[in-house]
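The values are calculated or read from the model by the stated rules, or taken from the named source; none is laboratory data. Since the model is a prediction, treat every value here as computed from it, not as a measurement. Neighbour counts are summed over all protein chains in view; Cβ atoms, including those assigned to glycine, are modelled from backbone coordinates with ideal geometry.
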Amino acid sequence: MFKNFNNVGYIKRKLSKKTMKVLEKAIKNKKENWNHNLAGQIDSSFIIEDKNNWFFKNELLPCIDEYLENTANKKWIIPELLNKNCAFKLSTFWVNFQKKYEFNPFHTHTALFSFVVWVKIPARHDKEKNLPFVNHSNCSYPNTFQMFYINSLGKIATEDYYLNPEDEGTMLFFTGDRPHLVYPFYSSDKTRVSISGNIILNVDEVL
């Protein structure tokens with residue numbers, strides 16, 4: 001019998017039209033500029049508001065429950081030093097406006113969980129991989145979201161999520177310390193729009 005080693009992955013969730021309308025309204029009401037707090041080499045990022053914690057309650061909490069239910073050892077995620085259970089909370093919530101050639105370099109987030117929602121994807125990976133300066137490569141990553149992990153052989157491996165317009169409305173949910181990056185796109189003058197956020201423990205709310 002073949003047996004795999006335990007590891008932790010990510011959740012992929014297609015969001016409803018209702019949820020996307022809530023997020024699009026939040027984008028329209030964006031707050032202060034957030035670029036100086038982020039790793040992104042992109043045009044602009046802004047704080048947005050999760051009004052009445054609607055997105056957190058309806059989309060993020062179910063993801064947290066699903067993630068913990070499917071994790072072999074919850075101590076990998078929740079700090080073992082805690083002697084009481086604390087509630088989760090959305091600590092930061094922002095929108096990224098990314099133009100052609102801009103990118104998010106290799107980085108992690110200071111959080112227990114993080115996520116990205118693809119709102120607008122103006123280019124297609126399956127076309128950009130055929131660009132003259134890409135098609136000869138054995139690592140064709142234009143318009144790609146990439147996550148890194150250590151496999152059971154101790155080697156660095158990647159999970160490559162290729163971005164195409166049909167992925168609009170998709171959320172990827174993962175641990176905050178998961179190294180990841182976002183490669184640039186080249187074939188559109190429109191803006192790629194994504195939403196990200198961080199989830200932490202609320203030490204002021206003990207369950």
- Task: Among the numbered conditions (1) surrounded by 11 or more Cβ atoms within 10 Å (Cβ to Cβ); (2) at pLDDT 95 or above, tell me where ASP43 comes up short.
- Result: (2)
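Sort out which residues of the range 1-30 are among the small types (Gly, Ala, Ser) and over 17 Å from ASN73 (Cα atoms), and write them in order of number.
In the first step, residues of the range 1-30 are kept if they are among the small types (Gly, Ala, Ser); the result is 9, 16, 26.
Correct list: SER16, ALA26.
Which residues, taken from the range 152-170, are among the small types (Gly, Ala, Ser) and crowded, with 17+ Cβ neighbours inside 10 Å?
Start the filter on the range 152-170 by keeping residues that are among the small types (Gly, Ala, Ser), which leaves 152, 154, 157, 169.
If the condition is that a residue be among the small types (Gly, Ala, Ser) and crowded, with 17+ Cβ neighbours inside 10 Å, then GLY169 is the only one that fits.
Kindly evaluate SER196 against the criterion of being in contact with a Gly (Cβ under 6 Å, 6 or more places away or on another chain) and either within 24 Å of ASN7 (Cβ to Cβ) or in a loop (DSSP other than H, G, I, E, B) (or both). Break it down stepwise before answering.
Values: in contact with a Gly (Cβ under 6 Å, 6 or more places away or on another chain): no; either within 24 Å of ASN7 (Cβ to Cβ) or in a loop (DSSP other than H, G, I, E, B) (or both): yes.
Here the answer is no, as SER196 does not meet what is asked.
Let's see how each residue does on (1) within 22 Å of ASP160 (Cα to Cα); (2) surrounded by 12 or more Cβ atoms within 10 Å (Cβ to Cβ):
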site	(1), (2)
GLU69	no, no
LYS75	no, no
PHE93	no, yes
LYS100	yes, yes
ASN104	yes, yes
LYS127	yes, yes
- Message: Out of PHE173, PHE185, I need the residue that is aromatic (Phe, Trp, Tyr), crowded, with 18+ Cβ neighbours inside 10 Å, within 12 Å of the chain's Cα centre (by Cα) and not assigned by TED's automatic domain parsing to the domain that holds TYR141. Which one?
- Response: PHE173
- Message: Under 6 Å between Cβ atoms, which residue pairs at least 6 apart in sequence (or on different chains) link something in the range 59-72 that is in the same structural domain as ILE11 (by TED's automatic domain parsing) with a partner that is assigned to a helix (DSSP H, G or I) and surrounded by fewer than 16 Cβ atoms within 10 Å (Cβ to Cβ)?
- Response: LEU68/LYS74
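If you check HIS136 against the conditions, is it exposed (fewer than 15 other Cβ atoms within 10 Å of the Cβ) and either part of a helix (DSSP H, G or I) or of a type in the set (A, V, I, L, M) (or both)?
Working: exposed (fewer than 15 other Cβ atoms within 10 Å of the Cβ): yes; either part of a helix (DSSP H, G or I) or of a type in the set (A, V, I, L, M) (or both): no.
No; evaluated as a whole, the condition is false for this residue.
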- Query: So how many residues does the range 12-43 have that are polar (S, T, N, Q) and either more than 17 Å from the chain's Cα centre (by Cα) or in a loop (DSSP other than H, G, I, E, B) (or both)?
  - Reply: 3
- Message: Within the range 62-77, does at least one residue satisfy the condition of being of a type in the set (Asp, Glu) and either over 27 Å from LYS17 (Cα atoms) or in contact with a Gly (Cβ under 7 Å, 6 or more places away or on another chain) (or both)?
- Response: no
- Item | Pick from the range 79-130, criterion part of a strand (DSSP E or B) and aliphatic (A, V, I, L, M), ranking: farthest from ASP43 (Cα to Cα) | ALA87
- Note on the structure: Cβ pairs under 7 Å, 6+ apart or interchain, first in the range 126-149 and over 30 Å from THR175 (Cα atoms), second not basic (Lys, Arg), ordered by first then second residue, are LYS127/SER187; LEU131/PRO142; LEU131/TYR186; VAL134/GLU128; VAL134/SER140; VAL134/PRO142
